[in-house]
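Trainee: To start, I am sharing the structure in question, which I have written as structure tokens.
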Amino acid sequence: MESQATTAAATFTQPLLFPTPSSLHHAPTNKQTNNTKYPCLICDVTKVDPPSLLDHLAREHKIVISDVAKIADLLIYLTYWKKRLIDKPIQEFASQIDTSSSLRPSAASTTDTTPTTPTTTTSSSTGGGEKEGGGGDGKVEQKAKVQTKQTTYYMLSDVLPEDATLRLHIRQQKLEEVLAKQQAERSDPSFDKKCLFCNASFKGDRNGLIAHMFQVHKFNIGRPDNLVDVSEFIGLLHNRLDHLQCLYCEKTYKSSAVLKQHMRKKKHFKLNPKNSSYDRFYASNYLEPGKHWQDIQKEIDAEPDDDDDDGAVVPPSVPSSSSSSSSSS
């Protein structure tokens, strides 16, 4: 019993080791690497990423989509509305928003030099006071013409029952796909990943990898039953470390040794809470589209859990080595 407890306690003090670059599992970065193309609702233009497509819609067609972050699958959403708009104009479905903006063209082209009602004032050096009227220096007030431009935008939103039904259907469909994928991953024998911080390898045991990183290196990516696409998630994090990038502040360092020293000193053994690219790896996010993974993690952390010997909160379903040894003793 004593030897087991000693071994368990030692796991919390093992040094941080990064695998050599050649041994890392490479994976796609935040940028999409597939051939997904997002279609414009009106013309034949396609874009490889949502921001570019949304910008195109707004600039070229004056169309905006509300709460885009809450749409579980934007490609399905766009494809549906593109078909609907073949025979009917956008005006039949979208809310109309009129905006006005003041345009002040360049002074060279807009200055009106036509004399206006004189308003200039002159001062008398002899103490005669101010004299108003058309006399004096004959100064002419220059007035800039200000033009007002009105622009009409069309907004697709769930205010329209058809749009609300579509969003709900997409969310339910996406959730079913995620849950099915998650279930398959739990018993996937092909899972084969190395720890982010040492050379420990895990085959067919994703929960074991998650538990290892938490218990040995105090790196917590969340509960195993709340994660999906774990292989891709771990691969993405491997890729960042391979490029000498801190997972928290996301700054890049000149060598692995400098990066290790930085993460130890700054206690950056956690994910960047502002990086929304991690949202898709958390199953709970598909229950509430648009909800940031950080908010989900806060809710998880707020739930009562047992603490380990170092005060770190142990994710449910991941027993700590210290708690196991204490119970066995």
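Trainee: Largest first, what is the accessible-area ranking of MET155, MET213 with a 1.4 Å probe? It would help to have the intermediate numbers written out before the result.
Mentor: Numbers: MET155 55, MET213 0 Å².
If we order MET155, MET213 from most to least accessible, we get MET155, MET213.
Trainee: Label ALA184 and LYS266 with points 7 Å out from Cα along Cα→Cβ: what is the distance between them in nm?
Mentor: 3.8
Trainee: Another question, then. Which sequence of TYR248, TYR77 reflects their accessible areas, 1.4 Å probe, from the largest down?
Mentor: Values: TYR248 70, TYR77 0 Å².
Descending accessible area places them as TYR248, TYR77.
The values are calculated or read from the model by the stated rules, or taken from the named source; none is laboratory data. The shown structure was predicted, so the numbers you read here are calculated from the model rather than taken from an experiment. Cβ coordinates were reconstructed from backbone atoms using ideal geometry, including for glycine residues, and neighbour counts include every protein chain displayed. For accessibility, only protein heavy atoms count, side chains too; no ligands or nucleic acids. Shrake-Rupley method; radii C 1.70, N 1.55, O 1.52, S 1.80 Å.
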